[in-house]
Amino acid sequence: MTSPSKWFTVDEFVVIDTETTGLDTAHHAVVAVAAAPGAGAFIGYINPELYDKPPVWDDRARAINGLSDAFLRSQGSSPVSVLSVLRDVIGTRTIVAHNVNFDVSMLRASAVRAVWHGLNATLDNPVFDTLWADRLRWPNEEGNRHLAQLVDRWLGGRPDWWRPHDAASDALVTRQVWHQQLWWAQQAKDWVSPGMTLSGLHHWLRTGAK
């Protein structure tokens, strides 16, 4: 696979996305998680009834992600089994997500709710957020910066195959957005420095400092 940047290879990163029972880590939990490294993707569904402390559902979250109790009972696994595979897929890679703080915080809280701490070290990996490059590239853009808006801006339109609020589909389209952002970062930074470290890219995207 062609690298989106001469500084890094695509396999150094893994894009993640979660679907949850709501937005509050104290009451809600992850019920679907996807991880898309350089190629392919992992998708895991969690039966929320198998958490040691089952979460509650926010009706708005269910309406958005469309995950029914019947589907999660039939297709979902235990949270420990799904999060264990996720940990192995992420490995030492840098984590990328759209609104990464939300995904990481929900995964951490869900691991605690499952009484399993095997994910903690993995979630200490470096993280990048697709929002950072979008704010840096279009600082005066009006309106929200939902994933759909980033897909429009960075990909020039929404792929026919993309299904919003499906964890695997969102992870795959976010990976495409991230690759475009790496290309843009390389072009924008070439005049400043002939090379770029991961920490340097992180600092620039977060702060805009050259």
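Nothing in this text is a laboratory measurement; each read-out follows from the coordinates by a stated rule. Please read all numbers here as calculations on a predicted model, not as lab measurements. Note: ideal-geometry Cβ built from the backbone for every residue, glycine included; neighbour counts use all protein chains shown.
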What does the convex hull of the Cα atoms of region 90-210 come to per residue, in Å³, rounded to a whole number? 122
Computed about the Cα centre, the charge dipole of the chain from +1 Lys/Arg and -1 Asp/Glu charges at the Cβ has a magnitude in debye, to the nearest 20, of 440
Considering only region 8-196, percent of DSSP beta bridges that pair antiparallel, nearest 5: 60
In vacuum, with every alpha carbon of region 84-155 counted as one equal point scatterer, what does the Debye formula give for log10 I(q)/I(0) at q = 0.19, 0.22, 0.23 Å⁻¹? Two decimals, please. -0.80, -0.94, -0.98
The residues Asp17, Asp152, sorted from fewest to most surrounding Cβ atoms within 10 Å, come out as Asp152, Asp17
Percent of all Cα-Cα pairs per 10 Å bin for the chain, counting from 0 up to the last occupied bin, reads 8, 35, 34, 18, 4, 0
Calculated FRET efficiency, Asp160 and Asn120, Cβ-Cβ r, R0 45 Å, to nearest 0.05? 0.70
